[in-house]
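The values are calculated or read from the model by the stated rules, or taken from the named source; none is laboratory data. This structure is a prediction, so every number in the text was calculated from the model and none was measured. All Cβ positions, glycine included, derive from the backbone under ideal geometry; neighbour counts span all protein chains shown.
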Amino acid sequence: MNIQQLRYVVETAERGSMTAAAAALYVAQPALSRAVRRLERELRITLFQRAGRGVALTAQGEAFVARARRVLHGVDALRGLGEHPGTGERDVLLVIAASPTLQASLALPILAALRDQGASAPTRLLGCGASREVHDLVAEGRADIGLCDHPVESELAVVPLGPAEVTLVSPAGLDLPDPISVDRLGDVPLVLPTAGTDRRADLDRFFEAVGVTPTVSVESDERSVWLESVRRGLASCIWHSAESLRLTGSDVVVRSFDPALHQELHAVHLAERSSPVKDHLLDVLRELSELRRSGPPPVPS
């Protein structure tokens, strides 16, 4: 799901016709229709039904559009701030702390989607080794928002962002099933974080919980080394699917787990530290998360 699809849906709902919506948005009608249908398939809902020569919202569509409008309102507010940043001393309007993985798989797609909507703002990304470091940077006021994939106890406000599928990224040519059972992980040489780090401790607890003794081929805390290890055929790595999609090609294979594994993503921030850019971005993230995680939206009574 992307913000452009939300604009297509809202415009179609307001004009009662995909043809009229496409004309208003200066896009080809077939392209708009395909984008809406893809969204319906992704969320497993039906947004529109035929109504004469046009379309009308279903009950599910009514609930979806209400949330979509809130997302677009936040995006439009961000665009206004980007056009009129004010007279503040900082050239950077937003500082986001995240691990290298989440910078690539979450922060950059968010910023790119906003840019595509004309809502870009100068942003600095701070790299972190673990979720605890993310929390510390936000708590110290050095970052406005932190993106995390592991829960950490702190006084920060938490905004759930929804689940990301965890996948196994392997060198091509391995004789492994897809999906792969978790208990097969013991037979797969892996590249893991360095022993003694927080991320390695998290993975070790996971392996212990599923009764697997991992075969460690390479240890490194550099994510680029993980991927290079896969490409050189040395080991497989466990990776968020959002980033793995970018890795598909002849040299790597991305497999799901059976049963499926998901990592809950969330943003953290200091509730008492407010800024227009931060507040509007968090509103957008909240609404997008609700749209993604709810599946078919609740039907109004």
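Does GLY61 satisfy the condition of being at pLDDT below 95, buried (at least 20 other Cβ atoms within 10 Å of the Cβ) and either farther than 24 Å from ALA164 by Cβ or touching a helix residue (DSSP H, G or I) at 6+ places or on another chain (Cβ under 6 Å) (or both)?
Details: at pLDDT below 95: yes; buried (at least 20 other Cβ atoms within 10 Å of the Cβ): yes; either farther than 24 Å from ALA164 by Cβ or touching a helix residue (DSSP H, G or I) at 6+ places or on another chain (Cβ under 6 Å) (or both): yes.
Judged against the criteria, GLY61 is a match.
If the Cβ limit is 6 Å and pairs must be 6+ apart or interchain, which residue in the range 248-277 that is among the acidic types (Asp, Glu) pairs with which residue that is assigned to a loop (DSSP other than H, G, I, E, B)?
Final answer for the pair search is ASP251/ALA172; ASP258/PRO179.
Scan the range 203-242 residue by residue and report those that are among the polar types (S, T, N, Q), out of contact with any Gly (no Cβ under 9 Å at 6 or more places or on another chain) and not in a loop (DSSP other than H, G, I, E, B). Spell out how you get there, then give the answer.
In the first step, residues of the range 203-242 are kept if they are among the polar types (S, T, N, Q); the result is 213, 215, 217, 220, 224, 229, 236, 241.
Cutting the leftovers down to out of contact with any Gly (no Cβ under 9 Å at 6 or more places or on another chain) gives us 217, 220, 224, 229, 236, 241.
Correct list: SER217, SER224, SER229, SER236, SER241.
Can you name the condition, by its number, that SER236 falls short on among (1) touching a helix residue (DSSP H, G or I) at 6+ places or on another chain (Cβ under 9 Å); (2) touching a residue at least 60 places away in the same chain (Cβ under 8 Å); (3) loosely packed, with under 15 Cβ neighbours inside 10 Å?
(3)
Would you point out which residue out of LEU190, LEU161, LEU203 is at pLDDT below 95 and farther than 25 Å from ARG273 by Cβ?
Selected residue: LEU203, the only one of LEU190, LEU161, LEU203 that is at pLDDT below 95 and farther than 25 Å from ARG273 by Cβ.
Helices (runs of 4 or more DSSP H) wholly in the range 1-114 with at least 3 residues that are small (Gly, Ala, Ser) and touching a residue at least 12 places away in the same chain (Cβ under 8 Å) - which ones? Give the steps one after another, and end with the answer.
Details: elements: 3-15, 18-25, 29-43, 59-83.
Hits in the range 1-114: 18-25, 59-83.
Looking only at the range 82-109, count how many residues are at pLDDT 80 or above, surrounded by fewer than 17 Cβ atoms within 10 Å (Cβ to Cβ) and either of a type in the set (D, E, K, R) or in contact with a Ser or Thr (Cβ under 8 Å, 6 or more places away or on another chain) (or both).
Number satisfying all stated conditions: 0.
Among the residues of the range 98-116, is any under 21 Å from ASP283 (Cβ atoms) and of a type in the set (Lys, Arg)? Even if it seems obvious, please write down each step before you answer.
Here is the first cut: in the range 98-116, the ones under 21 Å from ASP283 (Cβ atoms) are 98, 102, 106-116.
Remaining after also requiring of a type in the set (Lys, Arg): 115.
The answer is yes; a qualifying residue exists.
Please verify whether LEU176 is among the hydrophobic types (A, V, I, L, M, F, W, C), part of a strand (DSSP E or B), touching a residue at least 24 places away in the same chain (Cβ under 8 Å) and in the same structural domain as SER236 (by TED's automatic domain parsing), treating the condition exactly as stated.
Working: among the hydrophobic types (A, V, I, L, M, F, W, C): yes; part of a strand (DSSP E or B): no; touching a residue at least 24 places away in the same chain (Cβ under 8 Å): yes; in the same structural domain as SER236 (by TED's automatic domain parsing): yes.
No: the conditions fail for LEU176.
May I ask you to list the residues in the range 201-221 that are out of contact with any Pro (no Cβ under 8 Å at 6 or more places or on another chain) and more than 22 Å from ARG184 (Cβ to Cβ)?
ALA201
Any chance the range 148-155 includes a residue that's buried (at least 16 other Cβ atoms within 10 Å of the Cβ), within 30 Å of SER274 (Cβ to Cβ) and touching a strand residue (DSSP E or B) at 6+ places or on another chain (Cβ under 7 Å)?
Within the range 148-155, the subset buried (at least 16 other Cβ atoms within 10 Å of the Cβ) is 148-150, 152, 154.
Among the residues that remain, those that are also within 30 Å of SER274 (Cβ to Cβ) are: 148-150, 152, 154.
The next check asks that each one be touching a strand residue (DSSP E or B) at 6+ places or on another chain (Cβ under 7 Å); those that pass are 148-149.
Scanning the range 148-155, I find at least one residue that is buried (at least 16 other Cβ atoms within 10 Å of the Cβ), within 30 Å of SER274 (Cβ to Cβ) and touching a strand residue (DSSP E or B) at 6+ places or on another chain (Cβ under 7 Å), so the answer is yes.
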